[in-house]
Amino acid sequence: MIIKISEDLGKEEIWANGMELPNIMGMDFVGGKRVSSYPSNSKKYIYTFTNPVLMTDNYKIGKLEPGLRDTLFSLFQCKPRLIEYDHVSTYWDDTHKGVWCPSIDTLLFAKVLKKFLKENKNLKTGVEIGCGSGFLTKYVLEKSKEINNFLAIDINPYAIKSVEDNIGDERLQVHCGDALKKINGASPGVPQNTEFRGKKFDLIICNPPYVPRPGSIDDNPYEGVSLMRHLIQKGQKYLNDGGVLILNVSSLAEDLVFDKEPLMKSVVLDKMKVPLKVNNIMNNKDWLKYLESKGLEKNMHDGYLYWQELKILEFRK
């Protein structure tokens, strides 16, 4: 399946491609002859959603005419899935285990980068901390020819595989492991609490998991919220003079990541309200209660009860 998002995020086009054409779209007989397969670049337009707030919106799909509804439900279960925005695309399949496919927040981030990269032509080095599928890393590399070195870091080796599968650019470097150790210049056998003079960057981007849970900062530093907090409080030490940090912060995590006044002031580059649609949260009453205390909006509309606001923030040294 191919998902194409318009540059203003106002439209989401769904296309069937490859093996979905004979298996789902009834294109298994052509001119009286059996066709059992198609190349991945063969595609058929299916439907366009307007003003998407989710990449997979079961409520909107469920409201469609039954044949179209069931076709879309089947397509959204298929892999590989290709996501395209502003002529940049990455694919995602079963070999990328534990890696999240680019979602609406990824593309909100890309929308911000589209304008940012046009206005900032002096960037030479960059890093994505928690690169996941690699979509944002690929977007930066394709849209900024001025950058001569970009590092993608993730603790999940399958995320690194996704980056390498999707990006063929000699400016790219990858690292699987602890991002803060890497950019601090730490090495094996050296105490982690020692300060090092590490590599600095002109651009740092980070779009980690952003929904907190009770104790998340204390018991799981790789859940995302503590990483955001560290970058907001200490990110200036990883930046060259004039360098920029860009983060995606949920309204649910603001009081955790801004518990101290950061040295760098933030500017909101864009924002969007999106539903909270995570089964592990929706089926956990204690977690929901905790998030309600953090400002989770309870307002039933467009098929969803709980909402949060995502903000793409810029911090400049």
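Couple of notes before you dig in:
- Meets criteria (small (Gly, Ala, Ser) and at pLDDT below 95) for Ser251: no
- Matching residues, region 242-291, being among the basic types (Lys, Arg) and touching a residue at least 24 places away in the same chain (Cβ under 8 Å): Lys260, Lys265, Lys271, Lys273, Lys277
- When Thr50, Thr71 are checked against the criterion of being out of contact with any Leu (no Cβ under 6 Å at 6 or more places or on another chain), more than 18 Å from Asn279 (Cβ to Cβ), loosely packed, with under 11 Cβ neighbours inside 10 Å and β-branched (Val, Ile, Thr), Thr50 stands alone in meeting it.
- The criterion of at least 2 residues that are within 20 Å of Pro209 (Cβ to Cβ) and assigned by TED's automatic domain parsing to the domain that holds Ile204 is met by the following helices (runs of 4 or more DSSP H) wholly inside region 57-125: 104-119.
- Filter pass, Ile153 being in a strand (DSSP E or B) and either touching a residue at least 60 places away in the same chain (Cβ under 8 Å) or over 13 Å from the mean Cα position of the chain (by Cα) (or both): yes
The values are calculated or read from the model by the stated rules, or taken from the named source; none is laboratory data. Just so you know, these numbers come straight off a predicted model, no measurement behind them. Counting neighbours? That spans all protein chains shown, and the Cβs are built from the backbone with ideal geometry, glycine included.
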